[in-house]
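Reviewing the structure listed below.
The values are calculated or read from the model by the stated rules, or taken from the named source; none is laboratory data. In this text, all values refer to a predicted model and were calculated from it rather than measured experimentally. Positions of Cβ are backbone-derived with ideal geometry, glycine not excepted, and every protein chain shown enters the neighbour counts.
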Amino acid sequence: MERLFGGIEAGGTKFICAVGTGPGNLLETTRIDTTGPAETLAKAIDFFRPFKARNRLAAIGIGSFGPVDLRPESPAYGHITTTPKPGWRHVDLVGMVQKSLQIPVGFDTDVNAAVLAEFNWGAAKGCDNSIYLTVGTGIGGGVMVNGKLLHGLAHPEMGHILLPHDLKSDPFPGNCPFHKNCLEGLASGRALAKRWGTEPVKLAGDHPAWQIEAHYLSLALVNFVFSLSPQRIIMGGGIMQQTQLFDMIHRDTIRLLNGYIQADEIIKNIDTFIVPPGLGHRSGILGAIALARAAATA
């Protein structure tokens, strides 16, 4: 009997749970609204119980919103830590799932899970060095370096890099309570809504918001190109559903690089260097499945 793997894409708004083996074989998927930790995790665990009862579930992977503790030697490993989401600080995600289901659990950030899925099956396949940047309600990034997910003292917080901010052309002070003029503070969905007084989805495609958005995202991408030297940058999340942003970002990124990096993959092929997810909206949940596959063989 084929072994199955469980995945949890743990988001601040919703949990997506699935069972399967990969993109061509997701047997069952469900969405759970993110309420309190006990209620949300109980529903997630109940989704997996029938598969565990039939001895078909080899492992579960969790790709979670953060910050999270990824250090196996840490007493807080597997926890969400200092998240601003009410009620979710210091929640032991891995411990609760492992205790209930008694199977291996793989754990990482939601964006690291997404870049892992794109590396295995999507737009980053064949690229040992790649970035997945999600631009939605918040902004986060996952990084693959030499075919491995990037971890360090903590994990990458790419949404909080500080950007040049010309207050004369953009008087919006920024929305991040920690940094104001970081990428998330200037370009996240929350920032867009606060700057323009309406939800981003209601802004017309030719609204000036999008040129400002593309500029801030391009500034960030140029910094990532200089510091991480990716072979591909994948941009997902709700804001990137405004597909006109890609052409704007392509042009602005080339302009900001200003000829310093002479790589044909960027200069001549920017449209295949900065791309949407190959797996569409499934990158996160498929990344969680990939984390489970790795945990089962660890």
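Structural remarks
- Helices (runs of 4 or more DSSP H) completely within region 118-228 that count 3 or more residues being touching a Phe, Trp or Tyr at 6+ places or on another chain (Cβ under 7 Å) and under 25 Å from Asp247 (Cβ atoms): 183-187
- Cβ-Cβ under 6 Å pairs, at least 6 apart or on other chains, region 141-158 side more than 16 Å from Val225 (Cα to Cα), far side in a loop (DSSP other than H, G, I, E, B): Gly147/Asp128; His151/Leu70; His155/Leu70
- Any hit, region 71-91, residues being in a helix (DSSP H, G or I) and touching a residue at least 12 places away in the same chain (Cβ under 8 Å): no
- Residue within region 50-57 that is among the charged types (D, E, K, R), within 25 Å of Leu26 (Cα to Cα), without any contact (Cβ under 8 Å) to a residue 24 or more places away in the chain and not assigned by TED's automatic domain parsing to the domain that holds Thr30 present: no
- Within the option set Gly259, Gly236, being modelled with pLDDT under 95 and of a type in the set (Gly, Ala, Ser) holds for one residue only, Gly259.
- Residue match in region 96-107 (condition: part of a loop (DSSP other than H, G, I, E, B) and under 23 Å from Arg282 (Cα atoms)): yes
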